[in-house]
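Here is the structure we will look at.
What follows draws every value from the coordinates through simple rules; no lab data is involved. Since the model is a prediction, treat every value here as computed from it, not as a measurement. Using ideal geometry, Cβ is built from the backbone for each residue, glycine included, and neighbour counts are taken over all protein chains shown.
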Amino acid sequence: MTDQTTIKIDFLSKRKLATIFSFLLILVSIASLATQGLKKGIDFTGGTLVEMSFSAPADLNELRQVLTTAGFEGAVVQHFGSSHEVLIRLLPDVSLNTAALSNKMQASINAQFSQPGELRRAEFVGPQVGEELTEDGGLALLYAMICILIYVTVRFEYRFALGSVAALAHDVIITLGFFSVFQFEFDLTVLAALLAVIGYSLNDTIVVFDRVRENFRKLRKGSPSEVVNISLNQTLSRTIMTSLTTLLVLIALFIFGGEIIHDFALALIVGVLIGTYSSIYVASPITLALGISKADLMVVTVDQEELDKIP
Amino acid sequence: MMNHFPAWKNVALAVSLMLAVVYALPNIYGEDPSVQVSPLRGAVVNTLLLTDIKETLKNADIPLKASEQSEHLLLRFNNTEQQLKAADILRDKLAKNYVVALNLAPATPEWLRAFNASPMYLGLDLRGGVHFLLEVDMQAAEKQAIDRYATDIRQYLREEKLRYLNVAAEDGKVLIKFRKQAIHDAALEQLSRQFRSWEFKTDPTTPAKPTIIAAMSQDERKDVRKYALQQNIITLKNRVNELGVAEPVIQQQGDNRIVVELPGVQDTARAKEILGATATLEYHMVDVEHSVSDAIAGRVPLGSKLYNNREGGQILLKKQVIVTGSEIVDASSGIESDSGSAMVSVSLDGPGGKKMSKTTRENIGQPMAVVFIENRTDTKLVDGKPVRVKSVVEEVINVATIRGHFSNRFQTTGLDNTAEARDLALLLRAGALAAPIDIVEERTVGPSLGQDNIDRGFNSVLIGFVLVLIFMAVYYKTFGLFADIALATNLIFIVAILSLLQATLTLPGIAGIVLTVGMAVDANVLIFERIKEELKNGNSPQASIHAGYEKAFSTIADANVTTLIAAIILFGFGTGPIKGFAITLSIGILTSMFTAIVGTRALVNASFGNRQLTTLKI
């Protein structure tokens, strides 16, 4: 028998507090997304981006001057990573002659700037492609959630599915909100990170649900909320361990992965933290609130038995 | 209760690990800077060529590390400096018949290559190069097809003696006007039979002038688009070959786009010009019967057209085309010995040669003109929105009197400079694009950034990996070490599978590996925590190990399948960088389940399985 004394923390007694906390975060996120939105990268807005490196620190004001005289008005110039590297961005309405623009820009920098630069990276995304990427990104998120909803319904029960998808929506909104509030750049890699967060957070939630299901079948006594609480406690050390190892590598990625991967790592760090929290305080309470009970899970499904046979 | 694996399981594990090591191994050998020599038009790669090249390099004092001969020649060098020098020398020597391209060839040893093992394929963000997404202008493709049909219809009606008033292409349709209803009826019937892929019907709005509206059928429209796309892919392949790029990628994406990836290409301006260029030539007879000044005043004779020449003047040419660029099979640039001006030597195909032969025989002493045609696309701001404006530049570059009869080989002069002659020759050789293309996306990564990305990616994998190793060993002791071994094995498996599939490894792909490293231990954490619980519940160590693995399995499976769903959807919707991430994440999930469940179990069984245990430290 499972040792019922493993209950150390009464998670669910703080349910109300957690609900308020979550709502507050979601509210702030939505408000920020609605008012200032995301700082979308050129992947989504379309436009031109050129990264150049110089042997000596580059004077941004001089560079802006050079670009303005060369006809690139409205170019956003900033250091990238170090003072030797410079990132230049042009929005699509400025980038008239499309793909040839980055070459013209390099040529004028090399001709007029006080020191020659080396091209690190040049990107051009047509406005139409940008729109498609935005659309595809949104669709990917939506389809991922639908597929997961179906899988969890089949493997568990629809209330678990709703609980886990609510937790995912919670994580996605808050991570997006984080990027909106602090105006970190949102590009394709961050979108990929967001989908990885979905995968990760779900992983966490499923582990808890799996235990809840097992305990509902095994424990004869206890109200649904007690059973859930026991399950949360039993899986707690695993939840913390896995979050820690994942955060360890993400922090390594954040620090050593370089500028391009920076925002990606950041999105994942935020997502993993939120995802860990939500698998405890969002997914389970919602499932409980939807009225999950022992009777819903008593039937042992066939595939469960089959799966257990495999070592 | 004992925990042990049957012998076959241990053997299977050992074999799969060995295979993984073999296929992961090529990645540690790095790459040789090398030069790739590929034949053009009829040239061959043989031992003779190789001996010749070896001799040349020897004379230039460039040591050759190794060479390989297949459909192309691969010459390996010790360093980039020698590679660049050799490429320059060979380009001068072989430029006419061979493409000389720089390459980084994997330095995989012979015995590994025998297993067909090769290193991971690095994406452009890691090796440097350009990625283009090109969009084919399908409207233009359809318009061209409609114009072609209008000409065919005109010719058919003429041959069948069905007198028409006018045949005109308009708004994606061909309008055929007649004077008499009877002819209209006959034409309608015959045209429907002759042009089966088109739909013909009577225009009910113009009973006074009986008119047939001809439109492409849906199938025909689809075919036209498909043809334009495929023809463009072929042309782009030819052009890329001419540019001299080792291992280019040219692929269809969707139904109107083409991806072109050029590893190692740094001169993106030239690549863009060559890829998107639509320049071609047309040969016309000069209209000598009518006056140019009349035409300029607006009285352009039927069957003739006014053209600009490069000097700023105008000239009247016959509309009828003798030959076009598509009939040119070969072209090379050079300098004309008499005038010292740039020229292009042209060879025509059979039908083109015949037409040229006929024309020149009949028109000795008459002037013939060469028209240079180029489609240009510019983006202009209209009401604050970028709008693409297309224009066709048609210029007469040369007018010469036909001195004698010639057919399929001749020279064209009048080009501005040798660079223009070279590019034009290249474009004529590679063929014209069936429809104009626009670059809708470009991603260029310079070589230094590529190397930086590799270094950073490698460092973060390494650091993350070591941190997790330490963490697990400290927390779970012996079991933690097992998990560490499983994690290391997992990395080998991921690298082996990526190498085997030759899937493209990108920087986000490396991030996917890092993430997998963090998440891979999850399965072990689940198992170990479960074993701990079982021990706490008073079960014997052996029973706890058994139950731990057993009970954790379905949890691990469920948790990983859901993550896999997210990864697969990422793969389906993602482009470039996202796909790379999704691939490594998916592979990582699958291999980590294998190593974390089966791998650690084998280790646990081998260490603890056959002993009577009273306590278990975990």
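Brief remarks on what is shown
- Ordering B:Lys9, A:Lys221 from the fewest to the most neighbouring beta carbons within 10 Å gives A:Lys221, B:Lys9.
- Chain B: DSSP helices with Cα axial extent of at least 15 Å and average Kyte-Doolittle hydropathy no lower than 0.0: B:7-24, B:418-430, B:447-501, B:507-536, B:541-573, B:576-593
- Convex hull of Cα atoms in the protein assembly as shown, direction-averaged projection (nm²): 49.8 nm²
- Two-decimal Rg/Rh across segment B:139-219, once Rg and the Kirkwood Rh are taken from alpha-carbon atoms: 0.94
- In plain terms, if you count all Cα to Cα distances in segment B:222-288 and split them into 5 Å steps from zero, the share in each step is 3, 14, 23, 21, 14, 9, 6, 5, 3, 1, 0 percent.
- Of the residues B:Met472, B:Met368, the one with the fewest other Cβ atoms within 10 Å heads the list, and the complete ranking is B:Met368, B:Met472.
- Of all DSSP bridge pairs formed entirely within chain A, close to 90 percent run antiparallel.
- With a Förster radius of 22 Å applied to the beta-carbon distance between B:Lys358 and B:Asp147, the computed FRET efficiency rounds to 0.35.
- Förster radius 60 Å - calculated FRET efficiency between A:Leu142 and B:Asp455, Cβ distance, rounded to 0.05: 0.95
- Using Cβ point charges alone (K and R +1, D and E -1), the dipole size of segment A:182-225 about the Cα centre works out to roughly 700 debye.
- Values of log10 I(q)/I(0), in the order q = 0.15, 0.16 Å⁻¹, for chain A under a Debye, Cα-only, solvent-free model: -1.15, -1.26
- Charge dipole magnitude, Cβ of K and R +1, D and E -1 - segment B:139-219, Cα centre, debye nearest 20: 380 debye
- Rounded to the nearest 20 debye, dipole of chain B from Cβ charges on Lys, Arg, Asp, Glu: 1100 debye
- On the principal axes of its alpha-carbon atoms, segment B:255-344 has extents of 55, 45, 26 Å, going from largest to smallest.
- Note on segment A:23-92: percent of Cα-Cα distances in each 5 Å bin, starting at 0 and stopping at the bin with the largest distance, equals 4, 15, 19, 17, 14, 11, 9, 7, 4, 1, 0.
- Exposure proxy for B:Val35, B:Val240, B:Val329: other Cβ atoms within 10 Å of each Cβ, ordered fewest to most, give B:Val329, B:Val240, B:Val35.
- Farthest toward the positive end of the dipole of the protein assembly as shown, out of B:Ala271, B:Val100, A:Leu248, is the Cα of A:Leu248, where the dipole comes from beta carbon charges about the Cα centre.
- R0 of 41 Å, Cβ-Cβ distance B:Gln155-B:Gln69: FRET efficiency to nearest 0.05: 0.20
- P(r) tail for segment B:223-443: Cα pairs beyond 27 Å make up 40% of the total.
- Between segment B:453-522 and segment B:200-226, the alpha-carbon center distance in angstrom: 62 Å
- Per residue, chain B reaches -16000 deg cm²/dmol at 222 nm when only DSSP H runs of four or more residues are counted, each adding -39500 (n - 2.57).
- Restriction of the GluC sites (Glu not before Pro) in segment B:53-112 to DSSP coil positions whose beta-carbon has at most 12 other beta-carbons within 10 angstrom yields B:Glu71.
- Between segment B:344-362 and segment B:1-46, the C-alpha centres lie 54 angstrom from each other.
- Note on the protein assembly as shown: dipole from Cβ charges, positive end direction compared against B:Ala434, A:Ala265, B:Leu175; the farthest Cα belongs to B:Leu175.
- Over 25 Å [Cα-Cα, segment B:475-592], rounded percent: 31 percent
- Proportion of all alpha-carbon pairs of segment B:336-491 beyond 25 Å (%): 63 percent
- Average projection area in nm² (convex hull over Cα atoms of segment B:31-107, one quarter of hull surface): 4.4 nm²
- Relative intensity, log₁₀ I(q)/I(0), of chain B from a Debye sum that treats every alpha carbon as a point, q = 0.07, 0.08, 0.09, 0.12 Å⁻¹: -0.66, -0.79, -0.91, -1.26
- Qualifying GluC sites (Glu not before Pro) in segment B:185-241, where qualification requires a DSSP coil assignment and no more than 12 other C-beta atoms within 10 Å, are lacking entirely.
- The alpha-carbon atoms of segment A:8-135, seen along their principal axes, cover 68, 35, 22 angstrom, with the largest extent given first.
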